[in-house]
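Please treat every number below as a calculation from the coordinates, not as lab data. What you see is a predicted model; the values in this text were computed from it and never measured. Cβ atoms come from the backbone with ideal geometry, glycine included; neighbour counts cover every protein chain shown.
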Amino acid sequence: MLNGIWGFFVIGGILTGAFLGRMDMVTSAVIGGGKSAMELAFTMAGVVAVWSGVLKIAERGGMIDALAGKMTPIMDFLFPTIPRSHRARKYIATNFVANFLGLGWAATPAGLMAMKELQKLNREQEGTASSAMCMFLTVNMTSLQLVTVNILAYRTEFGSKNPAEIVGVGIVATLITTLVGICVAKLLERRM
Amino acid sequence: MRILLTISDFLIPVTVLFIVVFGCLKKVDIYEVFLEGAKEGLQTVLDILPTLIGLIMAVEVMRAGGLLEILVELIRPAAEAIHFPAELAPLSIVRLVSSSAATGLLTDIFSTYGPDSFIGRTASVMMSCTETVFYTMSLYFLSVGIKKTRYTLPCALVANIVGVFAAVWLVKLVF
């Protein structure tokens with residue numbers, strides 16, 4: 001699936017570039033793409049390292065265990081295949097809470113750790129996602145963030161009279177997407 | 001509004017403060033443990049670096065070649081047929097692929113229609129309830145070598161499409 005999408009982007013991008021006479025721009029995209037990725041990685045490395053360090057303190061102090069414990073009912077429903085005391089639950093709980101609060105940079109390391117732990121529990125054929133992984137990423141991709149602060153900042157910048165007026169509607173919309181994501185994942189779990 | 005911005009200013013420092021104080025109380029070797037975690041964090045970024053390069057290169061090539069614009073034009077008649085605001089069609093597609101491109105479109109929308117217009121409000125809500133599916137999926141799955149993603153993509157797409165329509169409907173309902 002990912003191979004197909006990636007190939008579609010690259011092949012489709014170059015072919016449309018040729019048709020539309022934009023090969024110069026495609027050239028700089030090919031050369032510049034790696035560069036912008038490195039720049040992003042450079043920023044990301046600093047922030048992810050800081051959050052991983054802070055989260056490690058939280059983990060060692062037992063905070064993450066407490067957090068995962070509080071989320072047991074939700075976890076049991078979403079991830080029935082992960083044993084209750086397994087580390088995967090802790091990282092998933094951290095990822096969800098960090099996303100929820102809008103701490104995207106803290107969410108990424110926790111999420112990647114969660115995937116590592118989920119892979120250890122994966123009973124599918126090699127290279128195939130487990131149901132727990134599908135559920136985890138589905139929930140992750142339905143935007144858990146309650147208040148999108150950067151959107152409020154842009155609204156303010158462009159002269160909105162009341163930038164925060166969309167917050168309530170945003171929360172309801174986020175709730176809808178998350179619930180829909182969970183329902184569809186539960187429905188498809190046995191079929192695909 | 002001011003309260004929300006103040007809360008968001010406080011959020012990160014207070015979270016860090018809370019965790020560090022908690023660590024002290026639990027007699028954790030805070031600095032040593034922090035360094036241990038930071039090292040793991042750097043390793044994580046190093047591990048996902050090739051994925052990141054591949055992703056960003058592909059998305060930039062697609063944007064530069066004009067494929068994204070063609071996709072948006074293909075969607076437009078369908079959007080109009082179901083009375084979906086055509087001005088928002090590009091944003092709903094681009095959002096799935098690239099966060100920075102979506103932010104660019106959002107600011108375009110704000111400067112053309114204003115953030116307090118129907119289009120501006122709906123765009124704000126759409127940005128709040130959707131996610132860059134392609135990026136997230138690639139990053140997380142490829143970090144553990146998963147190629148067969150089963151039903152993840154359909155789930156994420158359905159949820160995001162519902163989110164886009166929910167945004168339009170909710171903004172019409174509330175404002």
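Counting only aspartates and glutamates at least 8 places from A:Lys161 when in the same chain, those with an alpha carbon closer than 12 Å to its own are B:Asp116. Where a ≥ b ≥ c are the square roots of the eigenvalues of the C-alpha gyration tensor, would you call region A:102-192 rounded, which needs a/c under 1.5, or, failing that, prolate if a/b is larger than b/c, or oblate? Cα axes put region A:102-192 in the oblate bin.
Using the Karplus relation 6.51 cos²θ - 1.76 cosθ + 1.60 with θ = phi - 60°, the per-residue 3J(HN,Hα) values for region B:37-49 come to x, 4, 5, 4, x, 5, 4, 4, 5, 4, 5, 8, 4 Hz, with x marking Gly and Pro. Extents of the protein assembly as shown, largest first, come to 61, 47, 41 Å (Cα atoms, principal axes, whole angstrom). Apply the a/c threshold of 1.5 to the C-alpha gyration tensor of region B:4-89 and tell me whether it is rounded, prolate or oblate. Since a/c reaches 1.5 but b/c is at least a/b, the shape of region B:4-89 is classed as oblate.
Rounded to whole numbers, the Karplus 3J(HN,Hα) couplings from phi for region A:72-89 are 3, x, 5, 4, 4, 6, 6, 10, x, 7, 8, x, 4, 8, 5, 4, 3, 4 Hz, using 6.51 cos²θ - 1.76 cosθ + 1.60 with θ = phi - 60°, and x at Gly and Pro.
Extension gain for A:Asn162-A:Glu189 works out to 5.5 nm (0.36 nm per residue, less the C-alpha to C-alpha distance).
Taken along its three principal axes, the alpha carbon spread of chain A comes to 57, 52, 35 Å, from the longest extent down to the shortest. Taking the Kirkwood radius as Rh and the Cα radius of gyration as Rg, region A:1-54 has a ratio of Rg/Rh equal to 1.20.
Going by the alpha-carbon gyration tensor, a ≥ b ≥ c the square roots of its eigenvalues, is chain B rounded (a/c under 1.5) or, if a/c is not under 1.5, prolate (a/b greater than b/c) versus oblate? Taking the square roots of the gyration eigenvalues as a ≥ b ≥ c, chain B is oblate.
Remark: B:Val21, A:Val167 ranked as B:Val21, A:Val167, counting other beta-carbon atoms within 10 Å and listing the fewest first. For B:Lys148, the residues whose amide H sits under 5 Å from its own are A:Thr128, A:Ala129, ignoring neighbours fewer than 5 places away on the same chain, with H placed 1.01 Å from N.
When each of A:Met115, A:Met25 is scored by the number of other beta-carbon atoms lying within 10 Å, the sequence from fewest to most is A:Met25, A:Met115.
Sorted ascending by nearby beta carbons within 10 Å, beginning with the fewest, B:Ser124, B:Ser138 become B:Ser138, B:Ser124.
Relative to the first principal axis of the alpha-carbon coordinates of chain B, what is the inclination of helix B:133-143, with its axis defined by its Cα atoms, in degrees from 0 to 90 and to the nearest 10? Tilt relative to chain B: about 40 degrees.
Between amide H atoms placed 1.01 Å from N, distances below 5 Å from A:Met71 occur with no residue 5 or more places distant or on a separate chain.
The ellipsoid that matches the Cα gyration tensor of region A:50-163 has semi-axes, each √(5λ) in whole angstrom, of 29, 17, 13, with the longest given first. Legend: translational diffusion of region A:1-95 by Stokes-Einstein, Rh = Kirkwood radius over C-alpha pairs, 25 °C, 0.890 mPa s; D = 142 µm²/s. Cross-linked pairs A:Lys120/B:Lys148; A:Lys70/B:Lys148; A:Lys90/B:Lys148; A:Lys90/A:Lys116; A:Lys116/B:Lys147; A:Lys56/B:Lys27: Cα-Cα separations exceed 22 Å for A:Lys70/B:Lys148; A:Lys90/B:Lys148.
Share of Cα-Cα pairs in region B:1-40 beyond 17 Å, in percent? Cα-Cα pairs in region B:1-40 separated by more than 17 Å: 46 percent.
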